[in-house]
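Here's the structure we're looking at; comments come further down.
The values are calculated or read from the model by the stated rules, or taken from the named source; none is laboratory data. These figures come from a predicted structure and were not determined experimentally. Cβ sites come from the backbone with ideal geometry, for glycine too, and all protein chains shown count toward neighbours.
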Amino acid sequence: MSIHFHFFPMLLVSLISIAHADDLGVVGPTYDIAEPDLIELIQSSLHRMEKSGELSRKQDEYRDRVIGAVEKPKPVPGLKATSTKRTYYIDPTLVLDHDIRSADGEILFARGLKVNPLDHVSLREELIFFDGRDRRQVSFAKQTLRNLKGAAKPIMVAGEPLNLMRDWKRQVFYDQGGALVRRLGIHQVPAVVTQDGKRLRVDEVRP
């Protein structure tokens, strides 16, 4: 696996601040001066940082932060291991708050229209939400995948997804920021989401 990092945008911001910090002014008579060329300023700052080793250190720091965020993302807050089993249903119907028009301005879907996505698409795979730091939950997710012959999406809410992908040799998803668990109202994990007619069924289970 190869990861590519782009340092220039970060460095551009830091270099401009460094350049301003280096401009200490002159004691004595003042004269009108021309604004220094930005490109020359950046190149000069890069050259100084390269000679001092600061550029390499900043690149290493940035790389380590990025790798750390990918290898071990922040856990989704507000979740706990399931203590009491719970099953509930979600109606995914949406009410449009504005008209949806075509490129010609024709109204395709009027404001106030109720739309259930499950009328048009199906949830073909079960969704398994689990905490990758909990061995029981990891075992539960793995066994569920085996029982369903892989026809499910494992979604971590904490832990190290890349390590699990290497171990399982399959894709593992991560609910970055907890957008999915909030929308589904999940408070305990592991939790399994399936389709039940025109609704979604959520089972918070104990492994």
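A few remarks follow.
- Annotation for the range 173-185: no member residue is in contact with a Gly (Cβ under 8 Å, 6 or more places away or on another chain) and either more than 18 Å from LYS74 (Cα to Cα) or assigned to a loop (DSSP other than H, G, I, E, B) (or both).
- Members of the range 84-119 found to be out of contact with any strand residue (DSSP E or B) (no Cβ under 7 Å at 6 or more places or on another chain) and in a loop (DSSP other than H, G, I, E, B), listed by number: THR84, ASP97, HIS98, ALA103, ASP104, GLY105, GLU106, ALA110, ARG111, LEU113, ASN116
- Subset of the range 195-207 (residues that are surrounded by fewer than 18 Cβ atoms within 10 Å (Cβ to Cβ) and either farther than 15 Å from LYS85 by Cβ or without any contact (Cβ under 8 Å) to a residue 60 or more places away in the chain (or both)): GLN195, ASP196, GLY197, LYS198, ARG199
- Residues that are free of Cβ contacts under 8 Å to residues at least 40 places away in the same chain and surrounded by 12 or more Cβ atoms within 10 Å (Cβ to Cβ), drawn from the range 109-131: PHE109, LEU113, VAL115, PRO117, GLU125
- Hits in the range 125-165 - residues which are modelled with pLDDT under 90 and charged (D, E, K, R): LYS149
- Close pairs from the range 134-161: first basic (Lys, Arg), partner surrounded by 13 or more Cβ atoms within 10 Å (Cβ to Cβ) and part of a helix (DSSP H, G or I), Cβ under 9 Å, at least 6 apart: LYS142/TRP168
- When ARG136 is tested against the conditions (1) assigned to a loop (DSSP other than H, G, I, E, B); (2) more than 19 Å from the chain's Cα centre (by Cα), the lone failure is (1).
Condition check ((1) surrounded by 20 or more Cβ atoms within 10 Å (Cβ to Cβ); (2) closer than 24 Å to LEU118 by Cβ; (3) among the hydrophobic types (A, V, I, L, M, F, W, C); (4) touching a Phe, Trp or Tyr at 6+ places or on another chain (Cβ under 7 Å)) across all residues:
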{"residue": "ALA151", "(1), (2), (3), (4)": "no, yes, yes, no"}
{"residue": "MET156", "(1), (2), (3), (4)": "yes, no, yes, yes"}
{"residue": "MET165", "(1), (2), (3), (4)": "no, no, yes, no"}
{"residue": "LYS169", "(1), (2), (3), (4)": "no, no, no, no"}
{"residue": "VAL189", "(1), (2), (3), (4)": "yes, yes, yes, yes"}
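- Taking the criterion of being over 17 Å from ILE155 (Cα atoms) and modelled with pLDDT of 65 or more, the residues of the range 63-89 that qualify are SER83, THR84, LYS85, ARG86, THR87, TYR88, TYR89.
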